[in-house]
Amino acid sequence: MKNITQNEFRELLDKLELLHKKIDDRALVVPFPADEDFDRPINIAFVVDRKKLQAGCSVPGYGANLKRSDALEFCNAWNREKISPKAYLDESGDFFTEISLFHDEDISAEYVQNNFIRLTVAAVAQFFKELKQFVDGKSSDEGSV
C-alpha cells in the first residue's frame with residue numbers, strides 16, 4: 001500500500017470497529033467517550049495525506065489550572081520516556097499529542113492498522129491517563145499547602 005487514500009484508511013477503521021466521522025477530504029475524527037481513566041471525551045483526528053498519516057489529539061482546557069512550567073515538565077518527561085505520541089503545549093497552552101507515519105514506500109494495510117491506528121489509540125489513551133494522574137496529583141499538592 002503506497003499513498004493510502006482516505007477511503008482505504010476508513011476501511012481500516014471499520015475493520016477495527018472504530019466509529020469515525022469524515023471532517024473533510026483529508027481528515028477523520030475518531031471519538032472516545034469519557035471513562036474511569038480519563039473523565040472527558042477524547043477525539044483523535046487522523047489526517048490522511050499522500051505521503052503521510054498523522055494523528056493529533058487535544059482536550060481543550062484540560063489542565064488549564066497547571067502552571068506552564070508544570071505542564072512543560074510533564075510533556076518533557078513524557079517525550080524523554082516514550083517514543084509516541086509526542087506531547088506538546090499548543091498556542092493556547094492545551095496539551096496536544098501527535099503521531100506521524102510517512103508512507104512514501106510500500107507498507108501493508110496490516111501495518112497501518114496494527115502499527116499506526118491501534119498504537120495511536122493505545123498511546124493516546126495512556127497519555128491522557130497519565131496526564132490525569134499528574135493533574136490530580138498537582139491539584140492535591142496545591143490543596144495541602
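Against the numbered list (1) touching a residue at least 12 places away in the same chain (Cβ under 8 Å); (2) more than 17 Å from the chain's Cα centre (by Cα), GLU73 comes up short only at (1).
Go through the residues of region 105-119 one by one and say whether even a single one is of a type outside the set (Asp, Glu), in a loop (DSSP other than H, G, I, E, B) and surrounded by fewer than 11 Cβ atoms within 10 Å (Cβ to Cβ). Spell out how you get there, then give the answer.
The initial filter retains those residues of region 105-119 that are of a type outside the set (Asp, Glu), namely 107-109, 111-119.
Filter again for in a loop (DSSP other than H, G, I, E, B), leaving 107-108.
This time we only want the ones that are surrounded by fewer than 11 Cβ atoms within 10 Å (Cβ to Cβ), so: 108.
Yes; the residues of region 105-119 include at least one that is of a type outside the set (Asp, Glu), in a loop (DSSP other than H, G, I, E, B) and surrounded by fewer than 11 Cβ atoms within 10 Å (Cβ to Cβ).
Among the residues of region 86-115, what is the count of those that are under 21 Å from ILE4 (Cα atoms) and in contact with a helix residue (DSSP H, G or I) (Cβ under 7 Å, 6 or more places away or on another chain)? Final tally of qualifying residues: 5.
Considering each of VAL30, VAL47 in turn, give the residue that is part of a strand (DSSP E or B), under 14 Å from the mean Cα position of the chain (by Cα) and touching a residue at least 24 places away in the same chain (Cβ under 8 Å). Explain how you work it out, then say what you get.
Values: VAL47 fails: touching a residue at least 24 places away in the same chain (Cβ under 8 Å).
Every option except VAL30 fails the conditions.
When region 89-104 is filtered for residues that are surrounded by fewer than 16 Cβ atoms within 10 Å (Cβ to Cβ) and without any contact (Cβ under 8 Å) to a residue 40 or more places away in the chain, the ones remaining, listed by number, are ASP90, GLU91, SER92, GLY93. When region 94-104 is filtered for residues that are modelled with pLDDT of 90 or more and assigned to a loop (DSSP other than H, G, I, E, B), only ASP94 remains.
The values are calculated or read from the model by the stated rules, or taken from the named source; none is laboratory data. Values in this document were obtained by computation on a predicted structure and should not be read as measured data. Glycine also receives a Cβ, built like all others from the backbone with ideal geometry; neighbour counts cover every protein chain displayed.
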